[in-house]
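> Before I ask anything, here is the structure I am working with.
What follows is calculated from the coordinates using simple rules that are stated; it is not laboratory data. Since we're looking at a predicted model, the values are computed, not measured. Here the Cβ positions follow ideal geometry from the backbone for every residue, glycine too, while neighbour counts run over all protein chains shown.
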Amino acid sequence: MDQKGILIVISGFSGAGKGTLVRKLMEVHNEYVLSVSMTTRAPRVGEREGVEYFFTEREQFEETIRQNGLIEYASYCGNYYGTPRKYVEEQLTAGKNVILEIEIQGALKIKAQFPESLLIFLTPPSGEELKRRLEGRGTESAEVIARRLARAVEESEGVESYDYIVVNDVLEECVEEVHNLVGAARRAPVRQRAFIKEIREELQKFSKGAD
Ligand code: 5GP
């Protein structure tokens, strides 16, 4: 069957636990890699260059856009965020499932460019729980939290564009649920085009002369 990796988009409300889920998924299963995005946002305490993000100035970000170096980018709460092209293309070819942890505008651009990508939307069990997690993080001001909650309302309008919605309640269960969805997605004919073509051609060869 086709060995090329799947491009997986994981979005979710800020505070849905995307980062934790992705880290755990990569820890438990070795066929996943995470694309590190570029952003103009300032690093939070503890964030490292090239690990959480490539932190850049606006000018450099815009230059990368001009050079077609990003497969998508979006503006989110006043900052640019974008996915570098090279790493994603190399890893997919190497058979890895590449995870993009990105917001909804970027997710929709990915789906338009790569129809065989898999879009998963992660949500906490309730709005109340989301608010609690955002406040509990303790890294953001009340104003930023309010903006992120407002953005969550907007994003909730776009959830129907995703392939699956997954509730992040118990982390380990959530990890396996996502892994199983990816496994099932691999078997969809849209992601097995090369295999289908190959088997069809083979069968055509065998059937020659049958009538
Ligand atoms: P944060 O500032 O909390 O790290 O990220 C803010 C939002 O930007 C999150 O929803 C995150 O998933 C999204 N994001 C991170 N990287 C990218 C990217 O490369 N492209 C897009 N479109 N969104 C991103």
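> Treat the count of other C-beta atoms within 10 Å as a stand-in for reagent exposure and order 26, 38 from fewest to most.
If I rank by nearby Cβ atoms, fewest first, I get 26, 38.
> Let me ask something else about it. As an exercise, find the ratio Rg/Rh for the stretch 73-120 from alpha-carbon atoms, using the Kirkwood inverse-distance average for Rh.
Taking Rg over the Kirkwood Rh, I get 0.97.
> Which semi-axes, in whole Å and largest first, does the equivalent ellipsoid of the stretch 1-94 have when worked out from the alpha carbon gyration tensor as the square roots of 5 times its eigenvalues?
Equivalent ellipsoid of the stretch 1-94: 23, 18, 12 Å, largest first.
> Do any trypsin sites (Lys or Arg not before Pro) in the stretch 1-48 lie in a DSSP loop with no more than 10 other beta carbon atoms within 10 Å, and if so, which?
Sparse-neighbourhood loop trypsin sites (Lys or Arg not before Pro): 48.
> Ok, one more. For the stretch 98-157, which GluC sites (Glu not before Pro) are both in a DSSP coil and crowded by at most 10 other Cβ atoms within 10 Å?
157
> Counting other Cβ atoms within 10 Å, which GluC sites (Glu not before Pro) in the stretch 1-82 have at most 14 and lie in a DSSP loop?
Answer by residue number: 31, 47, 57.
> Hey, how much of the P(r) for the stretch 100-192 falls beyond 24 Å, as a percent of Cα pairs?
Counting every Cα pair in the stretch 100-192, those more than 24 Å apart make up 29 percent.
> Between residue 190 and residue 160, what FRET efficiency follows from the Cβ-Cβ distance if R0 is 22 Å, with the result rounded to 0.05?
Between residue 190 and residue 160 the formula returns 0.70.
> Follow-up. Give me 71, 145 ranked fewest to most by other Cβ atoms within 10 Å of their Cβ, as a rough exposure proxy.
145, 71
> Please compute one quarter of the surface area of the Cα convex hull for the chain and express it in square nanometres.
One quarter of the hull surface, i.e. the mean projection, equals 14.3 nm².
> Only Cα pairs within less than 10 Å get springs; with that Gaussian network setup on the chain, which residue of 86, 109, 197 has the largest fluctuation?
Sorting by GNM fluctuation, first place goes to 197.
> Net charge within 10 Å of residue 71 by Cβ-Cβ distance, Lys/Arg positive one each and Asp/Glu negative one each, not counting residue 71 itself?
Summing Lys and Arg as +1 and Asp and Glu as -1 gives +1.
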